[in-house]
Protein chains: 4
Amino acid sequence: RVTMTNQSNRQMYYGKGDVFAYRTYLKPLKGVKVIPESEFSGRNNIVFGVNVKVAIGGSQFLSSFIEGDNSLVVATDSMKNFIQRHLGSYDGSTIEGFLKYVAEAFLDKYPQMETVQLTGDEVPFEATNGMVGNTLTESKLVYKRSRNEYAQAGIKIERTVQGQQITEQYSKLKDLQLIKVEGNSFVGFVRDEYTTLPEDSNRPLFVYLNIGWTYTQPEDAIGDAPLSYVAAEQVKDIACSVFNETETPSIQNLIYLIGIRVLERFPQLKDVTFESQNHTWDAVVEDIPNSDGKVYTEPKPPFGFQVFTVTQEDVKIAVTSALEESN
Amino acid sequence: RVTMTNQSNRQMYYGKGDVFAYRTYLKPLKGVKVIPESEFSGRNNIVFGVNVKVAIGGSQFLSSFIEGDNSLVVATDSMKNFIQRHLGSYDGSTIEGFLKYVAEAFLDKYPQMETVQLTGDEVPFEATNGMVGNTLTESKLVYKRSRNEYAQAGIKIERTVQGQQITEQYSKLKDLQLIKVEGNSFVGFVRDEYTTLPEDSNRPLFVYLNIGWTYTQPEDAIGDAPLSYVAAEQVKDIACSVFNETETPSIQNLIYLIGIRVLERFPQLKDVTFESQNHTWDAVVEDIPNSDGKVYTEPKPPFGFQVFTVTQEDVKIAVTSALEESN
Amino acid sequence: RVTMTNQSNRQMYYGKGDVFAYRTYLKPLKGVKVIPESEFSGRNNIVFGVNVKVAIGGSQFLSSFIEGDNSLVVATDSMKNFIQRHLGSYDGSTIEGFLKYVAEAFLDKYPQMETVQLTGDEVPFEATNGMVGNTLTESKLVYKRSRNEYAQAGIKIERTVQGQQITEQYSKLKDLQLIKVEGNSFVGFVRDEYTTLPEDSNRPLFVYLNIGWTYTQPEDAIGDAPLSYVAAEQVKDIACSVFNETETPSIQNLIYLIGIRVLERFPQLKDVTFESQNHTWDAVVEDIPNSDGKVYTEPKPPFGFQVFTVTQEDVKIAVTSALEESN
Amino acid sequence: RVTMTNQSNRQMYYGKGDVFAYRTYLKPLKGVKVIPESEFSGRNNIVFGVNVKVAIGGSQFLSSFIEGDNSLVVATDSMKNFIQRHLGSYDGSTIEGFLKYVAEAFLDKYPQMETVQLTGDEVPFEATNGMVGNTLTESKLVYKRSRNEYAQAGIKIERTVQGQQITEQYSKLKDLQLIKVEGNSFVGFVRDEYTTLPEDSNRPLFVYLNIGWTYTQPEDAIGDAPLSYVAAEQVKDIACSVFNETETPSIQNLIYLIGIRVLERFPQLKDVTFESQNHTWDAVVEDIPNSDGKVYTEPKPPFGFQVFTVTQEDVKIAVTSALEESN
């Protein structure tokens, strides 16, 4: 007979991954706050693609593991159906909103579920052009499937005595790859018997960036109040713009500056967290007659990385420091 | 003792793959012919990236295989150096031109080489924006590494008694992925005991496209005479535009129409060859109240494909047919 | 001026990934406990391959982010050198031991480092045979690089006032893929309006398994006392063996049973955690005349998964239950 | 109106890829010729997995491209059904035989098809052990999905006035990755201004191998006469064994020697063709006190490759040379 006593600290959940769902003619996202670094003003959502992962927890599932008793088990195949059909009835405009809608519906429907965790990876599509008469205009029919950077959202909702509560929520831009061809240095680091890397006062810095953000009020992430919503496209454009205007002494400092800018533009955010990688090329030909150009090549596999969170507290300190410096 | 007599019909070549070479400030490509379907007018080549594969043939290499005699063997590591350094001295603007330059240099340098075959895959970078004052303008420093469609070029040059001759040359656009959300049918195909696919008068057609083209005069591919050069970006835009304006009865017919348009825009081309794949989604929710939208999901792994060449002869026949129809 | 006050709860670390290191003639692993389910008795370590990731934390690194001050920054390129050279001086026999050796060396060498977290993925090699005279024997020279299941280990060591302390340690078998062709059912699960999956009393169950384990005494993981060491090869063999002998009602129950067996064989372990996936095929041809065979095909992308921890407490309960049942 | 005249030299075919088909309890392969380098004696075929690609040609398909006329088009979805169902009725034991069976069935069924080309990639499964009582024996239920080397076969059958004819047939072992830790040199190659690679008299040679073979009589490939059948497992074992016993001066020579051995063991073969790659590691630590070991790491991406065909004519010459040398 299974008792609940041996449950503490055990990981126990199950679910479904790679639940692809594509929706045509989802409600457009309009009315977001426009920022100087970005031309983004909304998404028409003619094609909306998302790859969902759901993980379900609940103490009553223990007997399914220990006794092979499936009587409370919602088949993961049914979870897939549940998610895909709810994309048909979802009347919002964002991945964040869709995940919240589905998570709440799971908890409403199945009392044995205690926690629902959902992740949604955007399947991005880009606009193309078509001719109307002799004029090239944006097509409302043909889209290009992109394999570049994409948005991700995550939510965890738990059933508590006070009802359903959002206990985790984040939004993220994933797999942005940016090269700045010059204006980057890396000098002054520790030199010892393990150091073979030369100092470099002007390298072509090639970074991979994941940028995640959380809201002070998780409800702002949903997008129903678009002025409070932060779009991944805007975060991407801020990253590009700050990179463009900064002489970087390191990736560490670059991501700090991007984070400060994101938090300045969007005070409704609580913090911004970076996962960056360094994939800077190796130089092959340094001097080309009559040219500023150089030839580089792919480095060996090892890559440097950084993980760093920037908070609104950092913004305040940065502002204070800037004021002090200017006095 | 190795003789040459047993050489016939044997495959024998060697070389180097994944030779990545990045060049900053290569000469810009300007002055291409502008076509209605595309806004493309050139490449600034501030970052030019290419992944080269080289394959070398020559009967004198036989002893390296049979006897392990390395005396005529150019190490593939040296080939890598050769390619990367030549990107430093290349003064043209295209992958096609670079490959020709390198291939000729190999044959000039090493008499034991009889054939040189080079393939170059573009490593594509996209423009980003940065702020100059309060104005958002295209950055000349920061580029986004794209993992979407890319250009490829191939060339084979052989040493003959008449000197070096180009015996193969092609250009190609690879891995373009396009979805058209409606306006596509697939009906009227063979129905028998193996048929389970229903007819569909309005499906969201999702295609992968590789589009290759050859020139009547291979020299036109090099790009030194830009008016004769066909850019992969233009071919991509034609594909998008034709897809946008066509009610497709099948992928077969779609690619035929794209091919005809490419050949009409660029009469210097000899033919266009397609490798297309069908990755159309499966429908999950067909009716959504108060919406034209539907929900779809990823199909099982099997994908349909087509390979088809369209020639200038086809253009002539199409024009004749159109004339006859209009009479 | 950077202060430490704004540090709380912030993620901040950096490091190097994909640090591949291959060592020939590492000290062999001998003297492990032999179990009935496995023929494994040791590793000759003629080729030892590991892909290491290192992540370094420490409050003094904050100024490198906020001020771009690199003076305390150990370049990640130097970390790579540090790891690879320490594989030369490591005189133990396991990935777990190597990671501990390197982590301690980092903390000894660099006072600004407060936490060192290392992950090591085995790069597995399999024995091949060669002829000695006319006899086929195991080669001591030629190994096959395997891309199948592999071992992983992780360790986190922190600098505390009491000195260095291991605060996390685990070992893991990753990416094992097993199919059992019959003797698996999945029935009795929840049926409602979202259920389209039929019950199946005899399906070919195809599972992916990651199996992790921790030791009550982390030092037992190092392998210097081989009788206390648990090899990934043994865990793999237990998984195969339990799967073979079990009529499975679900993956949930299968992994519970594997976990119980692992913990019974190795009482020095604290717990075993599973990440399982269901990739069971879809049936295509169910009846073949004069054959027990069927034809199946690859399913659509969505896959079910389970995450579950089995503890020594579960073993005690299982033993008690078995006793009660037999009375 | 479409005519056939503009067809010459055009590529035109279509088909289906990634048609996965798994069959349980296919007829076992027994009675193959046993060779000294290999313990292989057959396959029980309890799980038989194959990933099929089919490409169909025929001049009558032209109107489907040019006019969008689908009346002769066999949907690729139907081709998938055709292939999978024929795996149910196939009563042989090999991929080669299955492909021939399917190809002939396509031509028998659909008169508009003129050529059928099929490729089949083995989805390999390895045996595992289970306990029967206290004895560990090979399981007849649980198999491990392998992602290592696998067999491939290809066939092309054309409809001619004389009936169906096999115009291409090959078998292949793909993606074998072998490292020999010592006993490999690479010296005496061309040195010039592009050479930076040092000579190496004892490197750890890491090769990737694809090995293809064709039969003098294509029917011998089918496996119905097992004594004439060459199994991919045997070719793999020959490659390992020859590598083990050879001091290699280059990959070129290694693959020649493997080819000669394969052709000696299997005189029914016409030729053997290699696609090899060099992925040899870079040395990091060359001298380790009191050890023969070294530390290596992953090289940069560029890899050398060789393509070479060995024929029965080469065997004759080799035998003659050996005789002359011994005189």
Response to the item:
Given (1) under 18 Å from residue A:143 (Cβ atoms); (2) within 21 Å of the chain's Cα centre (by Cα); (3) not acidic (Asp, Glu), residue A:24 misses just (2)
Response to the item:
Matching residues in region D:219-233 (touching a strand residue (DSSP E or B) at 6+ places or on another chain (Cβ under 8 Å), assigned to a helix (DSSP H, G or I) and either farther than 22 Å from residue D:45 by Cβ or among the aliphatic types (A, V, I, L, M) (or both)) number 2
Fill in: Sole residue being touching a strand residue (DSSP E or B) at 6+ places or on another chain (Cβ under 9 Å), within 14 Å of chain A (Cβ to nearest Cβ) and open to solvent by 40 Å² or more (accessible area, probe 1.4 Å), chosen from B:270, B:236, B:180
B:236
Fill in: When residues of region B:18-54 are limited to those that are in contact with a Ser or Thr (Cβ under 9 Å, 6 or more places away or on another chain) and small (Gly, Ala, Ser), the one farthest from the other protein chains (Cβ to nearest Cβ)
B:31
Worksheet item: Can you tell which of B:66, B:95, B:56 is at pLDDT 95 or above, buried (at least 21 other Cβ atoms within 10 Å of the Cβ) and under 20 Å from residue B:159 (Cβ atoms)?
Response: B:56
Discussion item. Looking for something hydroxyl-bearing (Ser, Thr, Tyr) and more than 30 Å from residue D:246 (Cβ to Cβ) - is there at least one such residue anywhere in region D:157-177?
Written reply: yes
Worksheet entry | residue C:106 vs. criteria modelled with pLDDT of 95 or more, under 16 Å from the mean Cα position of the chain (by Cα), farther than 27 Å from residue D:147 by Cα and not β-branched (Val, Ile, Thr) | no
Fill in: Members of region D:284-311 that are open to solvent by 50 Å² or more (accessible area, probe 1.4 Å) and either closer than 13 Å to residue B:16 by Cβ or in contact with a Ser or Thr (Cβ under 9 Å, 6 or more places away or on another chain) (or both)
D:284, D:289, D:292, D:294, D:300
Discussion item. Any residue in region A:293-304 that is closer than 12 Å to residue C:76 by Cβ sitting within a Cβ distance under 8 Å of a residue that is open to solvent by less than 20 Å² (accessible area, probe 1.4 Å) and in a loop (DSSP other than H, G, I, E, B)? List the pairs, counting only those 6 or more apart or interchain.
Written reply: A:299/A:281; A:304/C:75
Item to complete: Please indicate, with yes or no, whether at least one residue in region A:21-40 is closer than 20 Å to residue B:297 by Cα, surrounded by 19 or more Cβ atoms within 10 Å (Cβ to Cβ) and among the hydroxyl-bearing types (Ser, Thr, Tyr).
Response: yes
Worksheet item: Mind checking which residues of region B:239-267 are over 26 Å from residue D:18 (Cα atoms), in contact with a strand residue (DSSP E or B) (Cβ under 6 Å, 6 or more places away or on another chain) and in contact (Cβ under 8 Å) with a residue 60 or more places away in the chain?
Response: B:240, B:241, B:244
Worksheet, complete the sentence: Residue count, region A:250-267, condition outside any helix (DSSP H, G or I) and open to solvent by 20 Å² or more (accessible area, probe 1.4 Å), comes to 1
Practice prompt. Look at residue D:191 and say whether it is of a type in the set (Lys, Arg), more than 24 Å from residue D:154 (Cβ to Cβ), open to solvent by 10 Å² or more (accessible area, probe 1.4 Å) and without any contact (Cβ under 8 Å) to a residue 60 or more places away in the chain.
Written response: yes
Worksheet item: So which of C:81, C:51 ends up being polar (S, T, N, Q), under 25 Å from residue D:286 (Cα atoms) and outside any helix (DSSP H, G or I)?
Response: C:51
Discussion item. Go through (1) out of contact with any strand residue (DSSP E or B) (no Cβ under 8 Å at 6 or more places or on another chain); (2) in contact (Cβ under 8 Å) with a residue 40 or more places away in the chain; (3) over 29 Å from residue A:124 (Cα atoms) for residue B:159 and report which single condition fails.
Written reply: (1)
Worksheet item: Are there any pairs, at least 6 apart or on different chains, whose C-beta atoms fall under 6 Å, with the first in region D:34-62 and of a type in the set (Phe, Trp, Tyr) and the second buried (at least 20 other Cβ atoms within 10 Å of the Cβ), and if so, which?
Response: D:40/D:231; D:40/D:234; D:48/D:23; D:48/D:26
Worksheet entry | Enumeration of residues in region C:239-260 that are over 17 Å from the mean Cα position of the chain (by Cα) and within 13 Å of chain D (Cβ to nearest Cβ) | C:241, C:242, C:243, C:244, C:245, C:246, C:247, C:248, C:254
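The values are calculated or read from the model by the stated rules, or taken from the named source; none is laboratory data. Predicted model, so just to flag it, every value in this text is computed and none were measured. Every residue, glycine as well, gets a Cβ built from its backbone with ideal geometry; the counts of neighbours run over all protein chains shown. Accessible surface areas use protein heavy atoms only, side chains included; no ligands, DNA or RNA. Shrake-Rupley method; radii C 1.70, N 1.55, O 1.52, S 1.80 Å.
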